[in-house]
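What follows is a single structure, written as structure tokens, with notes after it.
Please treat every number below as a calculation from the coordinates, not as lab data. Remember, it's a predicted structure, so these values are computed and weren't measured experimentally. Neighbour counts are summed over all protein chains in view; Cβ atoms, including those assigned to glycine, are modelled from backbone coordinates with ideal geometry.
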Amino acid sequence: MFNRHQLKDGRQLIIRDALPPDAKALIVHANAVISETNFTTRAPGEFEITVEQERQNLKTYFDTDNKLFI
């Protein structure tokens, strides 16, 4: 599922569900966010998940109707 939004400058923004192939990028992004601030629930180095574990997590959320991954 995805939504398209037209930005004021004419560019298009697409918001879509994360899928299992996005696992590595999500881990990289999570670690970047964690390292940028002290106001997260984890400290740098505490987010230890493998790409395969994240793929499985995303698959579980994608395949289940009553779960939401934000």
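By the rule of a C-alpha distance below 19 Å, with chain neighbours fewer than 8 residues away ignored, the lysines paired with residue 67 are 59. Candidate cross-link partners of residue 24 among the aspartates and glutamates, defined by an alpha-carbon separation under 16 Å and a same-chain spacing of 8 or more, comprise 48, 52, 54. Between residue 37 and residue 5, take the C-beta separation as r, use R0 = 22 Å, and let me know the FRET efficiency to the nearest 0.05. The calculated FRET efficiency here is 0.25. Excluding the site residues themselves, the longest part of the chain lacking any trypsin sites (Lys or Arg not before Pro) in a DSSP loop with at most 13 other Cβ atoms within 10 Å is 12-41. With the gyration tensor restricted to C-alpha atoms of the chain, the semi-axes of the equivalent ellipsoid amount to 24, 20, 11 Å, longest first. Compared with the alpha-carbon gap, the fully stretched path from residue 61 to residue 22 is longer by 12.7 nm at 0.36 nm per residue. The phi-based Karplus calculation (6.51 cos²θ - 1.76 cosθ + 1.60; θ = phi - 60°) puts the 3J(HN,Hα) values of region 55-66 at 4, 5, 4, 5, 4, 4, 5, 5, 7, 10, 6, 10 Hz, whole numbers, x for Gly and Pro.
Remark: the chain carries a charge dipole of roughly 320 debye about the Cα centre, counting +1 on each Lys and Arg Cβ and -1 on each Asp and Glu Cβ.
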